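Undergrad: Please read through the structure below; I'll follow up with questions.
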Amino acid sequence: MEDPQEERYERAKKRVDEIKGFYTHLVVYIIINIFIILAQIGVFSQGWYGLEFPGWAVFTTPFFWGIGLFFHGLNVFTKNFSFFKRWEDRKIKEYMDKEDEGYKRTSRWE
């Protein structure tokens, strides 16, 4: 059994990693969408880049990616939106039980 202080530390570290992951996702979302908008208004049309995006990409990419970002934020910052956390806990318990079962089978002195 782990020390309660160590368990608290691990939970806090996991929480910080989740928040950091959300902010990384947000920064990438902003950078990529700025790039798409700049390409659409023609900033990259001169020079060797020559990038052009279809008109629908300017609207659909931020919209659908924004929906994903919204749900990512809900998952990270709200306690009521815990479907993924419950699923993760169930899977962890399932794998730990399988590992314990395998250990018990191989450690018998029969």
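Undergrad: State whether the residues of the stretch 62-73 include one that is touching a helix residue (DSSP H, G or I) at 6+ places or on another chain (Cβ under 8 Å) and exposed (fewer than 10 other Cβ atoms within 10 Å of the Cβ).
TA: So far as the stretch 62-73 goes, no, none of its residues is touching a helix residue (DSSP H, G or I) at 6+ places or on another chain (Cβ under 8 Å) and exposed (fewer than 10 other Cβ atoms within 10 Å of the Cβ).
Undergrad: Would you please name the residue that is modelled with the highest pLDDT, looking only at residues in the stretch 1-43 that are more than 15 Å from G68 (Cβ to Cβ) and of a type in the set (G, A, S)?
TA: Result: A12.
Undergrad: Only one residue in W109, W56 is farther than 30 Å from K14 by Cβ, exposed (fewer than 11 other Cβ atoms within 10 Å of the Cβ) and either modelled with pLDDT of 70 or more or under 29 Å from the mean Cα position of the chain (by Cα) (or both). Which one?
TA: It is W56.
The values are calculated or read from the model by the stated rules, or taken from the named source; none is laboratory data. Quantities reported herein were computed from a predicted structural model and do not represent experimental measurements. With ideal geometry, Cβ positions are generated from the backbone for all residues, glycine too; neighbour counts draw on all protein chains shown.
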